[in-house]
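This report concerns only the one structure given below.
The values are calculated or read from the model by the stated rules, or taken from the named source; none is laboratory data. The shown structure was predicted, so the numbers you read here are calculated from the model rather than taken from an experiment. Here the Cβ is made from the backbone with ideal geometry for all residues, glycine too, and neighbour counts use every protein chain on show.
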Amino acid sequence: MKLSKKNLQERSNQIYDVVIVGGGAGGLSAGIYLQRYRLSSLIVDKGKARSFWMQELHNYLGLPPDTPGKVLLQQGQKHYLSLDGDFLNGYVETVEDFGEAFAVKVKIGRQNSIYQVFRSKYLIVASGIIDNLPPLEDMENVFEYAGYNLHVCMVCDGYEMVDKQCGLFAGSETSITEMIFNLSWFTPYITVFTHGLFEVSQETKNQLREHGYRLVETPIKSFSGQNHQMTGVELIDGSTIQLETGLISMGSKYHNAYLQGINLDYQGNNLITDKMGRTSHPKIFAIGDLKVGLNQVVVAAGDGALAATQIWRDIRRATEPRRWTENLTVAV
Ligand SMILES: Cc1cc2nc3c(=O)[nH]c(=O)nc-3n(C[C@H](O)[C@H](O)[C@H](O)COP(=O)(O)OP(=O)(O)OC[C@H]3O[C@@H](n4cnc5c(N)ncnc54)[C@H](O)[C@@H]3O)c2cc1C
């Protein structure tokens, strides 16, 4: 059921089997599996998943390669609701672990907000990340192209950049050295932009020069183009550079503030899990972009299936098998 401010009370005394934080590709997949295992689940989602910004999902088996992320999310939510899962648009502020159950505090509504605590035996964290974008004065100008031919994911969209004039918009020297040789697999026509955010060492400058890659350290004023197709940049000194595509590599924001009170193992900012998605806490599972792994829709959806299956196994093993009572012989 789609929950709202009006029908929340019905659920306040319930202990769900699982609360899922995040209704993107991973969270929805986990929810669908949990409901089909006949477990109770609630997905809390603040909206605008990473997949929401994906204009075309090019690499998902069985879907047309121009499927927008929004369609994937709409279909996933519809599927989950058809299985009687609970879905709430809200923001998870904190999670407390009381041993027997988690208390998940959710802020509902941006204006006249109300707060509600939901309880669950297990928690799936599927709240993902969001990409940092070049910090221009006019961010609308960045949103115009980001996710179209100004990409944020090389694994997703390297194929779209083959042999094109490509701008690499880097957020640090490390992001240049990590990305540049991967990107050159797809195109050698690379111009690196630092937007004046950091110094580039002589060693990296030499490496770029040796490979013929251009380096632009002057800050960017704006992207140019039309119909969401970026065709170049204008720098603050008035000069312009023509491009056919771009890749933003400026790091990400991790949606994990609500986990602050819980001691979990991380690798960098990513949660460490076993192969079923279990974190260092036996009743917390992490799936999708938030955990160590490959940031892809197909992986997030697969992670959801694994985490849900392991939770079902845990609960089933702790439960007596059902008896076919009518078939039991009555002892005389
Ligand atoms: C522009 C773009 C293009 C991409 N293209 C592709 C592609 O072609 N192919 C591909 O496989 N992958 C692609 N990706 C990557 C893909 O979108 C992600 O790997 C995938 O969405 C990860 O799924 P997820 O469930 O982990 O996170 P998400 O889909 O990001 O879902 C997380 C959800 O949790 C919510 N949330 C966060 N914090 C809270 C909170 N505190 N309370 C409640 N909810 C919260 C978020 O709002 C979001 O709705 C692309 C990404 C972008 C940005």
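Of all residues in the range 59-78, those that are among the small types (Gly, Ala, Ser) have Cβ atoms under 6 Å from Cβ atoms of residues that are surrounded by 15 or more Cβ atoms within 10 Å (Cβ to Cβ) and at pLDDT 95 or above, 6 or more apart or on another chain, in Gly76/Leu28.
Condition first: part of a loop (DSSP other than H, G, I, E, B) and surrounded by 11 or more Cβ atoms within 10 Å (Cβ to Cβ). Now tell me which residues in the range 254-264 satisfy that. Correct list: His255, Asn256, Ile262, Leu264. Residue check: is Leu72 within 13 Å of the ligand (Cβ to nearest atom), closer than 21 Å to Ser252 by Cβ, among the aliphatic types (A, V, I, L, M) and surrounded by fewer than 24 Cβ atoms within 10 Å (Cβ to Cβ)? Spelling it out, Leu72 is indeed within 13 Å of the ligand (Cβ to nearest atom), closer than 21 Å to Ser252 by Cβ, among the aliphatic types (A, V, I, L, M) and surrounded by fewer than 24 Cβ atoms within 10 Å (Cβ to Cβ).
Are any of the residues in the range 46-57 surrounded by fewer than 21 Cβ atoms within 10 Å (Cβ to Cβ) and in a helix (DSSP H, G or I)? Yes, because at least one residue in the range 46-57 is surrounded by fewer than 21 Cβ atoms within 10 Å (Cβ to Cβ) and in a helix (DSSP H, G or I). Being under 20 Å from Asp289 (Cα atoms) and either of a type in the set (S, T, N, Q) or away from the ligand (no atom under 14 Å from the Cβ) (or both) holds for only one residue in Gln116, Gln111, Gln77, and it is Gln77. The condition (being charged (D, E, K, R), in the same structural domain as Gly23 (by TED's automatic domain parsing), modelled with pLDDT under 95 and surrounded by fewer than 18 Cβ atoms within 10 Å (Cβ to Cβ)) is satisfied by just one residue among Glu100, Glu93: Glu100.
Name the residues in the range 284-293 that are near the ligand (Cβ under 8 Å from one of its atoms) and either surrounded by fewer than 24 Cβ atoms within 10 Å (Cβ to Cβ) or assigned to a helix (DSSP H, G or I) (or both), would you? Passing the criteria: Gly288, Asp289, Leu290. The set of residues from the range 188-200 being closer than 19 Å to Val233 by Cα, in contact with a strand residue (DSSP E or B) (Cβ under 7 Å, 6 or more places away or on another chain) and assigned to a loop (DSSP other than H, G, I, E, B) comprises Tyr189, Thr194, His195.
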